[in-house]
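All remarks here apply to the structure that follows.
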Amino acid sequence: MKKLLFGLVILSLLLSACSSKDSNTAESQSSESKQESKKEEETKKEEEPKYTPKKVKYFKIENPNRRLSSIEKELLRYPGIFAGDKYDEKKLYDALDQLPDDLTKNQYMEELIYLLSEDYHKEMETLLHFDPNVEVNIDRPDETINKPTLKKAHYAILVDASGSMKAKVGNKTRMDAAKEAVLEFAEQVPENATISVRVYGHKGSGSDADKKMSCGSSETFYNGKYEQGAFKESLNKVKAVGWTPIALGLEKVKEDIPANTEDVVVYVVSDGIETCNGDPVQMAKDLVSADIETVVNIIGFDVDNEGQRLLKEVASAGNGEFTYVNSERDLKEYMRAQYEEIQKEWLEWKEAGKKQAISLKEEKKKLANTTKESMKEKSNREKERMKRAQEYLKKRFDDYNHPAANLYSRIVDYGNAKWSYAVDVGNKAWSDSVDSGNKEWEEYVDEGNKKINETIEKKNKD
């Protein structure tokens, strides 16, 4: 009996050991199987292509002069591969079919932009560098009877101080009338020009004893930019006392011409002919034959027939004109007649400025509007193409909750942001151009009218 029990115990122990061994073996096999399965899954994942975001490139704008906004940077993105005329719907759908089915909304949106974004960089260069300022630059008239010029000019006035200039013309002497006319003329001399007053025959007297002294006298009383007070004071010093050395005055006037002067206009105011045995005709020829372009105009004040003939010869030799006046009114009318030319030049200047201001304004308006419309058209086209692409993806995945099925509002917002930028910035450029052009137009009108009125007042002044 004891032997039997002992045998059963041994058998039980053996069975238990075998069972434990089998269990450990099974567990070991199960663990190995799981590890192999995990390795297979990891290997499979490694073999599957991973999604790589596209590298975004942007156009660079030289000297934008400020930090660009996010929408401006986006508008400078390189165009998509199906942008503009490169659009091919079949090829686009083939490209969409290559997209993974597990991207995020942002990733799908980025893919659509990569494929379909339009090229705005030329329009952006225009808008970022747009200058709405209308600047008209027309040379202002030089307010002389000669054609307006930018040359450096000098106006030399030679005043006869012979005793005969004391003769009365109405209730004034010839000298006083001449001074008033010269003063009015001097006020019209261009700001960038110089003016001189030279007197001849102002020393001694009209007697034979003083003839040599008087005939040898010629002096500059004023020379430089016109300054009313100083100029008037210099004229007040002129006294009518001596003989008439016109030739000497024409010879000495060369000393009054500043260096680098390009144009010289000489006005000789005299009531008679040369009385000092000089040769004013030759002196006038010498003046105009010099390097400086010179014109000699003679104003004959109450001169007899023989005197007029001789003075005309001087004017002709000086490539100028002879004008005969026999009264204070005639003298002033001659000087005022020159204002007509000034008035005409200012009127032409005003009209030319108005025309150019309008022309430049219209050019800038057109550029602003054309740029705006081009960007609007591109943004609308881009948005519609993205919407069609999104519809294709929506059908492809056929899942209402799929990220690609929920891109519509994002596409609309993206397109509308570009459209709004084009409208806002384009309209501002257009509006600023209008304001600047109108301002420039008004400035030319205002200054032109002011100068015309000033000239009319001078012309009509008694």
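The values are calculated or read from the model by the stated rules, or taken from the named source; none is laboratory data. Keep in mind that what you see is a predicted model, and the values were worked out from it rather than measured. FYI the Cβ positions are ideal-geometry reconstructions off the backbone, even for glycines, and counts take in every protein chain you see. With ligands, DNA and RNA removed, areas are computed over all heavy atoms of the protein, side chains included. Shrake-Rupley method; radii C 1.70, N 1.55, O 1.52, S 1.80 Å.
Side notes on the structure shown:
- Close amide-amide hydrogen proximity is noted between E187 and no other residue 5 or more places distant or on a separate chain, at a cut-off under 5 Å (H modeled in the peptide plane; Pro and chain starts excluded).
- Checked against a 26 Å cut-off, the cross-linked pairs K50/K376; K254/K312; K152/K237 give Cα-Cα distances beyond that limit for K50/K376; K152/K237.
- Added length on full extension, which subtracts the Cα-Cα distance from 0.36 nm per residue, K344 to K232: 37.6 nm
- The calculated FRET efficiency for L68 paired with E363, based on their beta-carbon distance and R0 = 22 Å, is about 0.25.
- Accessible area (Å², 1.4 Å probe, nearest 10) - E384: 80 Å²
- Accessible area (Å², 1.4 Å probe, nearest 10) - R410: 80 Å²
- Cross-link pairs exceeding 27 Å in C-alpha to C-alpha distance, out of K252/K450; K122/K364; K344/K428; K55/K90; K179/K211; K428/K450, comprise K252/K450; K344/K428; K428/K450.
- Accessible area per residue in Å² at 1.4 Å probe, computed on the stretch 195-268: 45 Å²
- Evaluating 6.51 cos²θ - 1.76 cosθ + 1.60 at θ = phi - 60° for every residue in the stretch 295-312, the Karplus couplings come out as 10, 10, 9, 10, 10, x, 9, 6, 9, 6, 4, 5, x, 4, 4, 5, 5, 5 Hz, glycine and proline recorded as x.
- Amide H contacts under 5 Å for V241, placed H, 5+ residues apart: S162, G163
- Note, ³J(HN,Hα) from phi for the stretch 65-72, Karplus 6.51, -1.76, 1.60, rounded to Hz, x at Gly and Pro: 6, 6, 6, 7, 6, 5, 5, 5
- Solvent-accessible surface (1.4 angstrom probe) belonging to H129, in square angstrom, nearest 10: 90 Å²
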